[in-house]
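Below is one structure, written out as structure tokens; the observations come after it.
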Amino acid sequence: MTKREDKALDLKNKGMLVVFSGPSGCGKDTVLDKIKEKGYVFDKTVSVTTRPIRNTETDGVDYYFTSKEDFQKRIDNNEF
């Protein structure tokens, strides 16, 4: 096995952190869906938001939906 092949196997076993960042509606979830269709396995973090839930979203799956008061309380309690 060459050093290059050895390094590729090593990266495969360690995993990789990838961040998709962009404004709302720019297509981040669409890109992730396409990656999943290719057979790649990954975990997705779930953010907390104070905006209202949309009818296509699920609390705890798409976001954790909370009030502004609860959000501020969590900041004050160093929960983030």
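The values are calculated or read from the model by the stated rules, or taken from the named source; none is laboratory data. What you are looking at is a predicted structure, and each value in this text was computed from that prediction instead of being measured. So basically every Cβ, Gly included, is an ideal-geometry build from the backbone, and we count neighbours across all protein chains shown. The protein model used for the area step is the full one, side chains on, heavy atoms only, and it has no ligands, DNA or RNA in it. Shrake-Rupley method; radii C 1.70, N 1.55, O 1.52, S 1.80 Å.
Numbers for the structure displayed
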| read-out | value |
| --- | --- |
| Residues whose placed amide H lies under 5 Å from that of Tyr63, excluding near-sequence neighbours | Thr58 |
| Cleavage-rule hits (trypsin sites (Lys or Arg not before Pro)) in the range 11-80: DSSP loop, at most 13 neighbouring Cβ within 10 angstrom | Lys38, Lys44, Arg54 |
| Of all accessible heavy-atom area on the range 29-68, the percent that carbon and sulfur account for (1.4 Å) | 50 percent |
| Members of Lys14/Lys73; Lys14/Lys36; Lys14/Lys38 lying beyond 30 Å, as alpha-carbon distances in this model show | Lys14/Lys73 |
| Positive minus negative residues near Ser21 (Lys, Arg vs Asp, Glu; Cβ under 14 Å) | +1 |
